[in-house]
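Please read the structure below before turning to the comments.
The values are calculated or read from the model by the stated rules, or taken from the named source; none is laboratory data. Since the model is a prediction, treat every value here as computed from it, not as a measurement. Glycine also receives a Cβ, built like all others from the backbone with ideal geometry; neighbour counts cover every protein chain displayed.
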Amino acid sequence: MPDIAQSRPTAGAPIESAWGGAVHDAVEGVQSGTVQVPAPVSATSQSATVTFPRAYTAPPVVVVTPAMAAANRFLMATVNTITTTGFGVLVTQKTDAAFATVTPVNWVAVGTPA
């Protein structure tokens, strides 16, 4: 994304179209959501795929975090295979206890929209 700090408009001044376009692209380039991943059991992993509502010009930066609080269970969510249209998420449970619920994973992607 372009650095827009150098040409920031002053209060009350008209906004230069290039600066306004850069701000627009930066805001439009942020997408987020939640994906439901099947429950990993007994120290295993499960995966899911996310398709972005709007594609990017290049693979964006993606951050994920499991949104489930589970007593005595360690869950880890990681991103794999990021493309311009989506990504894969892998949830791993590091304990031996089984539980039969899906794991919601929150995600945020930041990049330049197509």
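Condition check ((1) of a type outside the set (V, I, T); (2) modelled with pLDDT of 80 or more) across all residues:
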position	(1), (2)
P14	yes, no
G21	yes, no
P40	yes, no
V62	no, yes
N106	yes, yes
query = Can we say L90 is modelled with pLDDT under 90, surrounded by 15 or more Cβ atoms within 10 Å (Cβ to Cβ) and at negative phi?
reply = no
